[in-house]
Amino acid sequence: MKKLISKLTAISSPSGREEQIRAFIKEEIKNYCDELREDKLGNLIAIKHGGNTKIQFAAHMDEIGMIITDIDENGFLRFSNVGGISPHRLYGQRVRFQNGMVGVFGAEKVEDIKKLTLNKLYIDIGASSEEEARSKISVGDIATFHHEFTDLGERVVAKSMDDRIGCAVLIEALKRVTNPQNDLYCTFTVQEEVGLRGARTSAFGIEPDLGIALDVTATGDTPEAERLAVKLGKGAAIKVKDLSIITHSKVKDLLTELAKTNSIPYQFEVLPFGGTDAGAIHLTKAGVPAGVISIPCRYVHSPSEMVDLNDVEAAVRLVVAVMEKKIGWS
Amino acid sequence: MLLRELCELNAVSSREDAVRAYIRNRITEKVETVTTDKLGNLLAVQGSGNTGPKIMLTAHMDEVGLMVVGIDNSGLLKIKTVGGIDERVLLSKRVVIGPNRIPGVIGAKPIHLQEKEEREKPVKLPSLFVDIGAKDKADAEKEVSIGDLAAFDVKAGGFGDRMFKGKALDDRVGCAVLLNLIENHYDFPLYYAFTVQEEVGLRGATVAAFGINPDLALVFEGTSAGDVPPAKKHQQSTRLGKGPAISFMDRSIIVNQALIERLVKVANEANIPFQFRQSTAGGTEAGAINQSQTGIPAGVLSVPCRYIHSPVSILSLDDFENTIKLADAFLKSIERRGLPV
Amino acid sequence: MQIESLLTKLTEAVGVSGRENQATNIIVDFFTQGEGRLWISEISQDRLGNIFLHKKGQGDHPPRIMFAAHIDEIGLIVTDIEEGFLRVSSIGGIDQRVLLSQEVIVHAKEDLLGIISAKPPHLQDPDESGKAVKLQDMTIDLGLSPERVESLVQIGDPITIKRDCRLLKNSLYSGKAMDDRAGVVALIECLSRLKDLHHQAEVYCVVTVQEELGVRGAFVSSYELNPDLGIAIDVTHGDMPGLSDYEAFKLGQGPVIVTGPQVHPQIFEKFKAAAKAGNIKYQIEAEVTPRGTDAYALQVARAGVASGLVSIPLRYMHTSVETLSLEDLKETGRLLAEFVRQIDSEFVEGLKCC
């Protein structure tokens, strides 16, 4: 599992540029499903038949990034955000483009650091001229954070745990499930970070009876943290509410029941901000009961996101439990 | 002149009747069918029987403006903005209200009677009003009603060197581009959607896309040109005279790369100048279309305009003509090479 | 039908966005066991909980009208348990200033009475009293030991404001969740009248869920029905000191017919015509944005729906003392029934004109 996570998080695939991660995931799962599809927005859908109820699982392949909007006369790159990027966490960090090119964030001089905005920052790829920069990078290219995976034992750190860890959980579950009792549509979605876009269009096509998103959630277990109940190491988080969804009671009860019966460590989650693919799935067409299995994660949307492998294992087991339970909804 | 006539019509979001009627008159002979849907979008088809991918071209008919939300006892009209307008541009301007085009002015306290501190702060919307010269409420109610929409009263026409000025360039210029393209015929099914209520949430395009469900869509807009001092190069977004602007991303869409590459290729082959829209701010109808049903690849081609969403904007006629050329070349490339996606 | 007792029962019921069961059950009961069952041909509920009440019309290819009023109320949700006290977050737009010293009901393994604690003045810092207390700094006191609390309460349990419905002077009723259970009662009033009227159109009164979180129930129910006309019945601001007379409306002067981007111009005219035909007093509101009510979703369902909005004036919206005039509510129901009478196939054809 650590190896899978390490490989997934190493790939640079921001929203709208998911080619590389899609290719990797396709290779990983092609032998574990009955059918593999790619839709018009680039979502990867792995279908495994097993029963009447159609379940759409969704883990998003894309990560946040920086889109290059201008290359100046000295070869410095100006950028805008793709997904949620905070200007205060960038100075000195490194970025990487899909072609392997690496760069560093720099900032204009500001009198008041509180007034730092993205348009006062730039990316330096070490070019000595505009021409040199343009030979390597084009306007419209999107970079991601660049930070290697680190194994801390029970816990691991990498960039893009959001949501490569969700992808890892779904891939592992697909590999482990032996007796699916439902029709599984395992969707590796695109463009979640810019508005749940892949989930919205894929759900329209699939029309599931039940939707479950796999994503990270923030924790409140660090010094003087924002008050959040979720903690690393306390199990898979069953989301009750965030800004995009109130989990259907049926779904919350189903996940809770399965966690209890299978002795899977779990905790409940209410997130006063943010959203996931389930937010888009549950409002598709005439409505879909949906919920989220969250993996607790510290330092979300930073280059060093941290998860606990026990929580990850709990999430995998819970997903498999859903896959193997005859749901019977339509 | 087409652009002038279009700009002098009033069509604030949700009351696009005047522009809809004008366009309908001009296109009825040139297309197979013209219909209006429940939101007021004007939809036209050419070549519905052709084989080939279904293409949709969109431009919105509505403009930002004002709505009369109350009439006070003295006969002055209380207003609110419809769509995104910086309220600081409103002071001391002329407007035209409702289908009968009742003239009014947005009054301001004379400078002689103001304190110095007053002049340094913008006048906020609740303190602004429109004066139509009415004696009292009853007198005003003879001419205007609550809910009436008011547009800026500005003459459109040539300006400077190959420039054009007027109100509502966003998005009458897009409509004008479509009205030029509609003179041609292409050998795939082509849907023209002149949409409503873009400025209040991309409303018209959302339902038009559902009804048409094209294989690809191209949206024509008037976009912000910030090439005015002291803006630095990377803050300008687009510049007048540098050609149509191709979007790679905005708040509502990340444009498919293959689609952008085709536009660039076609522009280079035909020697048409173009630029990229550098800002990623603002949403467009392409986003609403892209998210429709199982997803529709969409792109945006814009004519740069200075001072959009204000009473007077400016564009370059060269950019306007090059936008038409680039669109035509792109559509021809679909005839020859099929879809880029 | 006893409209006063229905309004009281409904507004006192529990039903925050996403957990509307207790409130929706009252409606389902009324239309399956109660007198409402004689007024409709069919009742159904979708996966998110929206209720569809179907009243057939007398035409061959009847125009399809959808009326929507939402049953969910704003509330709170348990986010954490700290030494037996509850930490909370909001469901929908709650003004945190109205919460201090409010009694609430926590819907845990059983219903528990709680109090939103307020620090007494004696214990406050000198500058504290000048600032509104933030929601994340409030706690709910259940008066139970931490062990008892842990055994009964879970993170994610919903919380409602405890408030009875109270009759004030001049037929004004005050309570929680008038937004938009008053609208739901207006729909029921409309159905009680339609049973005696001849009308071509077929009517779907939809009691929607999760409106307060972004008109979610309206999106899925309007997709399902895909009506010709979609009208939302909601509340609008009632008059009070500090609001100008184009932002807030008088109580007792009738329903408010809205004009703006989310209202088809012909539907606006038709509502005025219906009001005149029925001798119903009404007021007019001009809205610049399509946001804020179920109409926002109805209008863009599938390939587009001709939409409209009618509102009941309501003072102190999103507090637990929302106040309206029962007369306005009744007249709204009457206006809806009169509107239905006016709708025929010709009208629907004409919606796509020019």
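The values are calculated or read from the model by the stated rules, or taken from the named source; none is laboratory data. Computed from a prediction, not measured in an experiment: that's the story for all the values here. A quick note on method: Cβ atoms are made from the backbone with ideal geometry, for glycine too, and the neighbour counts reach across all protein chains shown.
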* Structure fact -> Log entry, pairs with first residue in region C:132-161 being crowded, with 21+ Cβ neighbours inside 10 Å, second being among the charged types (D, E, K, R), beta carbons closer than 6 Å, six or more apart or on different chains, reads C:P158/C:R19; C:I161/C:K176
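Filter region B:291-306 for residues that are among the aliphatic types (A, V, I, L, M) and away from chain A (no Cβ under 14 Å); which is farthest from B:A231 (Cα to Cα)?
Applying the first criterion (among the aliphatic types (A, V, I, L, M)) to region B:291-306 yields B:296, B:298, B:300-301, B:303.
Now drop any that are not away from chain A (no Cβ under 14 Å), which leaves B:301, B:303.
On the way: B:L301: 23, B:V303: 19 Å.
Taking the candidates together, the pick is B:L301.
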* Looking only at region C:245-259, which residues are surrounded by fewer than 23 Cβ atoms within 10 Å (Cβ to Cβ), within 14 Å of chain B (Cβ to nearest Cβ) and not aliphatic (A, V, I, L, M)? -> C:D245, C:Y246, C:E247, C:K250
* Asked: Identify, please: which residue in region A:192-217 is crowded, with 24+ Cβ neighbours inside 10 Å and small (G, A, S) and is, among those, nearest to C:S90 (Cα to Cα)?
  -> A:A213
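Is there a residue in region C:116-125 that is assigned to a loop (DSSP other than H, G, I, E, B), exposed (fewer than 11 other Cβ atoms within 10 Å of the Cβ) and out of contact with any helix residue (DSSP H, G or I) (no Cβ under 7 Å at 6 or more places or on another chain)?
Yes, there is a match, as at least one residue in region C:116-125 is assigned to a loop (DSSP other than H, G, I, E, B), exposed (fewer than 11 other Cβ atoms within 10 Å of the Cβ) and out of contact with any helix residue (DSSP H, G or I) (no Cβ under 7 Å at 6 or more places or on another chain).
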* Among the residues of region C:84-115 satisfying the criterion of being assigned to a loop (DSSP other than H, G, I, E, B) and of a type in the set (D, E, K, R), which is nearest to the chain's Cα centre (by Cα)? -> C:D95
* Structure fact -> Every listed condition ((1) buried (at least 24 other Cβ atoms within 10 Å of the Cβ); (2) closer than 30 Å to A:E35 by Cα) holds for A:L174 save (1)
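Kindly indicate whether any position in region C:63-83 is in a strand (DSSP E or B) and among the basic types (K, R).
yes
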* Taking B:T195 as the residue in question, decide whether it is among the β-branched types (V, I, T), buried (at least 18 other Cβ atoms within 10 Å of the Cβ) and over 14 Å from B:T323 (Cα atoms). => yes
* To do: Give region A:252-291 a look and list any residue that's within 23 Å of the chain's Cα centre (by Cα), away from chain C (no Cβ under 11 Å) and polar (S, T, N, Q), or say none.
  => A:T276
* Here are some conditions: (1) under 18 Å from the mean Cα position of the chain (by Cα); (2) surrounded by fewer than 24 Cβ atoms within 10 Å (Cβ to Cβ). A:T189 meets all but one. Which one does it not meet? -> (2)
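Report, by residue number, each residue of region B:138-192 that is small (G, A, S) and crowded, with 17+ Cβ neighbours inside 10 Å.
If the condition is that a residue be small (G, A, S) and crowded, with 17+ Cβ neighbours inside 10 Å, then B:A140, B:G147, B:A150, B:A151, B:A156, B:G166, B:A168, B:G174, B:A176 are the ones that fit.
Considering each residue of region B:59-70, count those that are assigned to a strand (DSSP E or B) and crowded, with 24+ Cβ neighbours inside 10 Å, and give that number. Don't jump to the end; show me each part of the working.
If we filter region B:59-70 for residues that are assigned to a strand (DSSP E or B), which is where we start, we get B:59-60, B:63, B:65-70.
Narrowing further to those that are crowded, with 24+ Cβ neighbours inside 10 Å: B:59-60, B:63, B:65-68.
Total satisfying the criteria: 7.
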* Asked: Which residues, taken from region A:73-82, are under 25 Å from A:D112 (Cα atoms) and outside any strand (DSSP E or B)?
  -> A:F76
* To do: Please specify each residue of region C:27-42 satisfying the condition of being crowded, with 20+ Cβ neighbours inside 10 Å and hydrophobic (A, V, I, L, M, F, W, C).
  => C:I27, C:F30, C:F31, C:W39, C:I40
* Asked: Within region A:218-251, which residues are within 11 Å of another protein chain (Cβ to nearest Cβ), surrounded by fewer than 24 Cβ atoms within 10 Å (Cβ to Cβ) and either aliphatic (A, V, I, L, M) or at positive phi (or both)?
  -> A:L228, A:A229, A:L243
* Just for region B:181-208: of the residues that are within 16 Å of B:I23 (Cα to Cα) and of a type in the set (S, T, Y), which one is farthest from the other protein chains (Cβ to nearest Cβ)? -> B:Y192
* Asked: If we scan region B:7-25, do we find a residue that is closer than 24 Å to C:G304 by Cα, away from chain C (no Cβ under 14 Å), within 21 Å of the chain's Cα centre (by Cα) and not in a strand (DSSP E or B)?
  -> yes
* Consider A:D70 against the criteria (1) in contact (Cβ under 8 Å) with a residue 24 or more places away in the chain; (2) in contact with a helix residue (DSSP H, G or I) (Cβ under 7 Å, 6 or more places away or on another chain); (3) more than 11 Å from chain B (Cβ to nearest Cβ); (4) within 25 Å of B:L259 (Cβ to Cβ): it satisfies all of them except one. Which criterion is unmet? -> (3)
* To do: With a cut-off of at least 2 residues that are in contact with a Pro (Cβ under 8 Å, 6 or more places away or on another chain) and crowded, with 21+ Cβ neighbours inside 10 Å, name the strands (runs of 3 or more DSSP E) lying wholly within region C:268-354.
  => C:306-314, C:322-325
* Asked: Based on what the data block shows, is A:L174 under 24 Å from B:T294 (Cβ atoms), of a type in the set (A, V, I, L, M, F, W, C) and assigned to a helix (DSSP H, G or I)?
  -> yes
* Go through A:G106, A:G100 for me and flag whichever is assigned to a strand (DSSP E or B) and small (G, A, S). => A:G106
* A:G92 being touching a Phe, Trp or Tyr at 6+ places or on another chain (Cβ under 7 Å), assigned to a loop (DSSP other than H, G, I, E, B) and more than 14 Å from chain B (Cβ to nearest Cβ) -> yes
* Subset of region B:256-276 that is more than 8 Å from every other protein chain (Cβ to nearest Cβ) and aliphatic (A, V, I, L, M) - its residue that is nearest to B:D227 (Cα to Cα) -> B:I272
* Structure fact -> The residue that is nearest to A:F105 (Cα to Cα), considering only those in region A:40-54 that are surrounded by 24 or more Cβ atoms within 10 Å (Cβ to Cβ) and touching a strand residue (DSSP E or B) at 6+ places or on another chain (Cβ under 6 Å), is A:N43
* Structure fact -> Going through region A:172-231 in order, the residues found to be modelled with pLDDT of 95 or more and basic (K, R) are A:K175, A:R176, A:R197, A:R200, A:K231
* Looking only at region B:198-217, decide whether some residue is in contact (Cβ under 8 Å) with a residue 60 or more places away in the chain, hydroxyl-bearing (S, T, Y), buried (at least 23 other Cβ atoms within 10 Å of the Cβ) and part of a strand (DSSP E or B). => no
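Can you confirm whether C:D180 is in contact (Cβ under 8 Å) with a residue 40 or more places away in the chain and assigned by TED's automatic domain parsing to the domain that holds C:A232? It would help to see each step written out before you state the result.
Working: in contact (Cβ under 8 Å) with a residue 40 or more places away in the chain: yes; assigned by TED's automatic domain parsing to the domain that holds C:A232: yes.
Spelling it out, C:D180 is indeed in contact (Cβ under 8 Å) with a residue 40 or more places away in the chain and assigned by TED's automatic domain parsing to the domain that holds C:A232.
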* To do: Kindly establish whether C:R302 is under 18 Å from the mean Cα position of the chain (by Cα) and either small (G, A, S) or at the interface with another protein chain (Cβ under 8 Å from one of its Cβ atoms) (or both).
  => no
* **Whichever residue in region C:317-331 is at pLDDT 95 or above and out of contact with any Leu (no Cβ under 8 Å at 6 or more places or on another chain) and, among such residues, is nearest to the other protein chains (Cβ to nearest Cβ)** => C:E331
